[in-house]
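K.L.:
Could you have a look at this structure, given as structure tokens, before my questions?
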Amino acid sequence: MECLYCFLGFLLLAARLPLDAAKQFHDVLSNERPSSYMREHNQLNGWSSDENDWNEKLYPVWKRGDSRWKNSWKGGRVQAVLTSDSPALVGSTITFAVNLVFPRCQKEDADGNIVYEKNCRNDTLPSPDPYVYNWTAWTEDRDWGDGTSQGHHNVFPDGRPFPHPWKRNFVYMFHTLGQYFQKLGRCSVSVSINTANVTLGPQVMEVTVYRRHGRTYVPIAKVKDVYVVTDQIPIFVTMSQKNNRNSSDEIFLRDIPITFDVLIHDPSHFLNESAIYYKWNFGDNTGLFVSNNHIMNHTYVLNGTFSFNLTVQAAVPGPCPSPSPRPPKTNPSLSTNLKSYSNSPVPAGDKPLELTEFPVENCQINRYGYFTATITIVEGILQVTIVQVTDVLTPGPQPDDSLVDFVLTCQGSTPTEVCTVISDPACRVTQNTVCSPVDEDLGDMCLLTVRRAFGRPGTYCVNLTLGDDASLALASTLVSIPGRDPASVLRMTNGILVSVGFLAIFVTVIAVLVYKKHKKYKAIESSTGIVVQGKGLNVFLSHAKTVFFPGNQEKDPLLKNPGIL
């Protein structure tokens, strides 16, 4: 009897061993998620249940922290980056993309081989072999074939053969909702799924990547990401306004239109055939606006805080729901092939035998999207005008820089700063920017004079901006700075020299007149030296007067006093 019990125990143990040894997809891909999780979701088109067996001999499984991960790739670890175009409206298509990031100085060439980048310095010594992994050489091995033959190596983890041709170097295993999808690819692949059968809410997509290694495959990277499926239309609203300093803070200016632009997130173009309507409520008691345009302008005329609400409605074409069965009509004269192609109510006296077999194409499913925001309206600078541009003339020698005064007027709130941007005539290339605070009282007229210097002659685009905490207002003008004429500089120099010459002559004449008026009389019998000296001075003065006053010789007083011979 004891031997019988031992034999039965041995059979039970033998029957259990294959169950314990065989791994399933959820054991490898789901990070220890219970397998019952997949039963909560409907079947995805083209995907398989993760309760299928996993070929661990061909695709080994390593746990997190296993030391073999360090040697799974030459030169370091490979990172996998997983992205999606989530959120997705239920019924639309969501796309996942995986990109492999190789260690430094490694890249994929045109043939799909992994090579070292030229002229790239790595921390390790450069390898004489230009290839990190030469997949082309591996495919020439007879055990692998040329990509068209089917060997026992050219299969996925569930045993399905690779598609023709299979010249791809990585095996990607996508796993979500208790189902998996396997795909060959190079350093980047993408997978799309229809969300019609996906449960609403956040979900997790996990990807495991294997590379070829001899007669087996080696895991090199694992990654996961959260995506969202929703029954509300994903919408985003951008709000912009002229003279607004920062639209992202939802503070806007009174009496200036605000542009509301609605963007529907629909990367798979699921709503292309839908009729879309926008219902606007700006919260300022102006009423409800309905349009089919995604752009709307609105002006707030009062300061304060307002609640902005937007509802987007899309009528999505789709099959009509199957109506409930009705009892057969007893009237034998009515054809049994009668079918209803309308979803309108059937009159009480008409009871057809057979209901709709084909879906009516004019049925629609309404989907909605919502957006709300709290908007603050304040007073700001509404407008800036350049009313006068004047060259500044300075006495004395002209400075190296030309000075120009700009007279500005503004409307709205009082500015606290003024900025000047000087650029090329096309207003594209900035050459100089100057900002300064406005400390003076501008008064009710908001009149301001801004002086700026220009170092070289030419034509400039000048942007003058007045700003405060909430607004910026801009005015632009073109300014032409003339160059200095060399001829005018020469004429100015000659004029200065002539003026100095006339001043010297005038001083000389005045000195002579003063000398003659105060000179004392001396007798002829004075010493010879004095007479000669006096005579020489008289002769010099006489010649000077003849040169500078030729028409006035007859009026010289000396001629009226004849000397005594």
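K.L.:
Of all residues in the stretch 269-285, which are assigned to a strand (DSSP E or B) and touching a Leu at 6+ places or on another chain (Cβ under 8 Å)?
P.N.:
Matches in the stretch 269-285: Tyr278, Lys279, Trp280, Asn281.
K.L.:
What are the residues in the stretch 466-476 that are open to solvent by 30 Å² or more (accessible area, probe 1.4 Å) and at pLDDT 90 or above, if any?
P.N.:
Those that are open to solvent by 30 Å² or more (accessible area, probe 1.4 Å) and at pLDDT 90 or above: Leu472, Leu474, Ser476.
K.L.:
In the stretch 57-76, how many are in a loop (DSSP other than H, G, I, E, B) and in contact (Cβ under 8 Å) with a residue 60 or more places away in the chain?
P.N.:
Final tally of qualifying residues: 8.
K.L.:
Another one. Does Ala487 count as modelled with pLDDT under 85 and open to solvent by less than 50 Å² (accessible area, probe 1.4 Å)?
P.N.:
yes
K.L.:
Based on what the data block shows, is Asn244 modelled with pLDDT of 95 or more and polar (S, T, N, Q)?
P.N.:
So Asn244 does not fit the description; no.
K.L.:
Taking the criterion of being out of contact with any strand residue (DSSP E or B) (no Cβ under 6 Å at 6 or more places or on another chain), charged (D, E, K, R) and at pLDDT below 90, would at least one residue in the stretch 168-187 satisfy it?
P.N.:
Looking through the stretch 168-187, none of the residues is out of contact with any strand residue (DSSP E or B) (no Cβ under 6 Å at 6 or more places or on another chain), charged (D, E, K, R) and at pLDDT below 90.
K.L.:
Being part of a strand (DSSP E or B), among the aliphatic types (A, V, I, L, M), open to solvent by 60 Å² or more (accessible area, probe 1.4 Å) and in contact with a strand residue (DSSP E or B) (Cβ under 7 Å, 6 or more places away or on another chain) narrows it down to one residue among Val290, Val312; which is it?
P.N.:
Of the residues listed, the single one that is part of a strand (DSSP E or B), among the aliphatic types (A, V, I, L, M), open to solvent by 60 Å² or more (accessible area, probe 1.4 Å) and in contact with a strand residue (DSSP E or B) (Cβ under 7 Å, 6 or more places away or on another chain) is Val290.
K.L.:
I've got another one for you. Going residue by residue through the stretch 212-222, is there one that turns out to be assigned to a loop (DSSP other than H, G, I, E, B) and open to solvent by 20 Å² or more (accessible area, probe 1.4 Å)?
P.N.:
Yes, the stretch 212-222 has at least one match.
K.L.:
Shifting gears a bit: Which of the residues spanning the stretch 177-204 are in a loop (DSSP other than H, G, I, E, B) and either touching a Gly at 6+ places or on another chain (Cβ under 6 Å) or closer than 19 Å to Pro161 by Cβ (or both)?
P.N.:
Selection gives Arg186 alone.
K.L.:
Something else: Within the stretch 246-268, can one find any residue that is assigned to a strand (DSSP E or B), open to solvent by 70 Å² or more (accessible area, probe 1.4 Å) and in contact with a Lys or Arg (Cβ under 8 Å, 6 or more places away or on another chain)?
P.N.:
Looking for residues that are assigned to a strand (DSSP E or B), open to solvent by 70 Å² or more (accessible area, probe 1.4 Å) and in contact with a Lys or Arg (Cβ under 8 Å, 6 or more places away or on another chain), one finds none in the stretch 246-268, hence no.
K.L.:
Pairs please, first residue from the stretch 442-467 and within 12 Å of Ile422 (Cα to Cα) and charged (D, E, K, R), second anywhere and in a loop (DSSP other than H, G, I, E, B) and open to solvent by 50 Å² or more (accessible area, probe 1.4 Å), Cβ atoms under 7 Å, 6+ apart in sequence or on different chains.
P.N.:
none
K.L.:
Here's another thing I want to ask about it. Search the stretch 423-447 for residues being farther than 14 Å from Leu474 by Cβ and among the hydrophobic types (A, V, I, L, M, F, W, C), and hand back the single one that is most open to solvent (accessible area, probe 1.4 Å).
P.N.:
If we take residues in the stretch 423-447 being farther than 14 Å from Leu474 by Cβ and among the hydrophobic types (A, V, I, L, M, F, W, C), then Met445 is most open to solvent (accessible area, probe 1.4 Å).
K.L.:
Does Leu253 meet the test of being free of Cβ contacts under 8 Å to residues at least 24 places away in the same chain and in contact with a strand residue (DSSP E or B) (Cβ under 7 Å, 6 or more places away or on another chain)?
P.N.:
Here the answer is no, as Leu253 does not meet what is asked.
K.L.:
Same structure, new question: Provide a single number: the residues in the stretch 85-103 that are free of Cβ contacts under 8 Å to residues at least 40 places away in the same chain and among the charged types (D, E, K, R).
P.N.:
Going through the stretch 85-103 one residue at a time, the tally reaches 0.
K.L.:
Can you find a residue that is modelled with pLDDT of 95 or more and of a type outside the set (Gly, Ala, Ser) anywhere in the stretch 312-327?
P.N.:
yes
K.L.:
Hey, can you tell me all the residues within the stretch 272-281 that are more than 20 Å from Ser247 (Cα to Cα) and either within 26 Å of the chain's Cα centre (by Cα) or open to solvent by 30 Å² or more (accessible area, probe 1.4 Å) (or both)?
P.N.:
If the condition is that a residue be more than 20 Å from Ser247 (Cα to Cα) and either within 26 Å of the chain's Cα centre (by Cα) or open to solvent by 30 Å² or more (accessible area, probe 1.4 Å) (or both), then Asn272, Glu273, Ala275, Ile276, Tyr277, Lys279 are the ones that fit.
The values are calculated or read from the model by the stated rules, or taken from the named source; none is laboratory data. Everything quoted here is computed from the prediction, not taken from an experiment. Here Cβ is always computed from backbone atoms with ideal geometry, including for glycine, and neighbour counts include all displayed protein chains. Note: accessible area is taken over every heavy atom of the protein model, side chains too, but ligands, DNA and RNA are not part of it. Shrake-Rupley method; radii C 1.70, N 1.55, O 1.52, S 1.80 Å.
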